[in-house]
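To start, the structure itself, in structure tokens.
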Amino acid sequence: MAARDRNAAGRAPDTSGARAAGEQPALRRGDWDRTAGTRAEMAAERIAALVAGAEPGARLGTKEELRQRCGVSVGTFNETLRLLQARGLVTVRPGPGGGLFAAEQSPMVRLGNSVLALDAATADVADAVRIRDALDPLLVEDALWHASPADIADLRRHLATMEAAVAAGDPDAFVRANWRLHARIAAVSPNALLRSLYTSLLDLIEGHTLAVHPHGERPLAAHIGDRHRLHADLVDALDRRDRDEALRLIHLHGGGRPGGPTAC
């Protein structure tokens, strides 16, 4: 499955209960989520450019200075920080003289970041999906050992967003919530290289997917409904520490079904 980006118009919700003729409907929550995600990614790219021009360990500025420079909200900037830290680009230091610093990048972290730099013209996104699917069982194994009750609760919140997208018939919102779920599973792993490489692959896939298609001839609504149930079953298996079931489901999620892997 691949997702088509939409540019959400920033119209405030209609609180009067009526709209003028021809006026567009108010944005749904999923539209705001996609817009915030896009802004976080754009801010991350802007700070990544600062990192590229700085010496390793150089101070980039305080969080507030960089947030204002990027022109985003506090919540969006927190997501930006998550993206940058997952890619191993910055470190955050508290206290006087603290702020964001260009990370001292090891060769292995630079390898993970190099995946992000690849363009669809030089790297087939389908190959990135296959590599991501190959890494999924490793992350599931880590989640079986390391997921806390708080981690499981966070995963269920992402599932709720996916379920809402299914109910709304919004495949774009569904696939993005799906990617956030997988990123959250990856965040459980204690393996920094694995987390960085996996997140980089997700970013590559997300940045270059153009359309949403069902698998085979099935209706799209039925397809995303099935994908939601598969992910819900996976989180249940992680919660029970049921290794056999979790690995069976993640194999089904990836290349273990007819037609091979999809982006979600």
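The values are calculated or read from the model by the stated rules, or taken from the named source; none is laboratory data. Just so it is clear, the model here is predicted, and its values are computed rather than measured. Ideal geometry is used to build each Cβ from the backbone, glycine not excepted, and the neighbour counts take in all protein chains shown. The accessibility values were calculated without ligands, DNA or RNA, using every heavy atom of the protein model including side chains. Shrake-Rupley method; radii C 1.70, N 1.55, O 1.52, S 1.80 Å.
Taking Lys and Arg as +1 and Asp and Glu as -1, the other residues whose beta-carbon sits under 12 Å from that of LEU194 total -1.
Calculated FRET efficiency, ASP127 to ARG93, Cβ-Cβ distance, R0 = 41 Å: about 0.65 to the nearest 0.05. A simple rule links phi to the HN-Hα coupling: the Karplus curve 6.51 cos²θ - 1.76 cosθ + 1.60 with θ = phi - 60°, which for segment 189-204 gives 5, x, 8, 5, 5, 4, 4, 5, 5, 5, 5, 4, 5, 4, 5, 4 Hz, with x for Gly and Pro.
Based on the mean of other beta carbon atoms within 10 Å per residue, what is the order of 74-87, 136-149, most packed first?
Per-residue Cβ counts within 10 Å, averaged per peptide and sorted highest first, yield 74-87, 136-149.
Here the simple spin-label model places points 7 Å from the Cα toward Cβ, and for SER73 and ASN191 these points are separated by 3.6 nm. Close amide H pairs (under 5 Å, H built 1.01 Å from N) link GLY99 with ARG93, residues at least 5 positions away or on another chain.
Rounded if a/c is under 1.5, else prolate if a/b beats b/c, else oblate: with a ≥ b ≥ c from the C-alpha gyration tensor eigenvalues square-rooted, which is segment 122-198? Verdict is oblate for segment 122-198.
Residues in segment 53-69 carry Karplus couplings, in order, of x, 10, 6, x, x, 5, 7, 8, x, 6, 4, 5, 4, 6, 4, 5, 4 Hz; the curve used is 6.51 cos²θ - 1.76 cosθ + 1.60 with θ = phi - 60°, and Gly or Pro positions show x. Each label point was placed 7 Å from the Cα along the Cα-to-Cβ direction; for ALA52 and SER148 their separation is 3.6 nm.
Computed from backbone phi with θ = phi - 60° and the Karplus coefficients 6.51, -1.76 and 1.60, the 3J(HN,Hα) list for segment 224-230 is 5, x, 5, 5, 4, 5, 4 Hz; x is used for glycine and proline. Protein-only accessible surface at a 1.4 angstrom probe places the residues LEU252, LEU100 in the order LEU252, LEU100, largest first.
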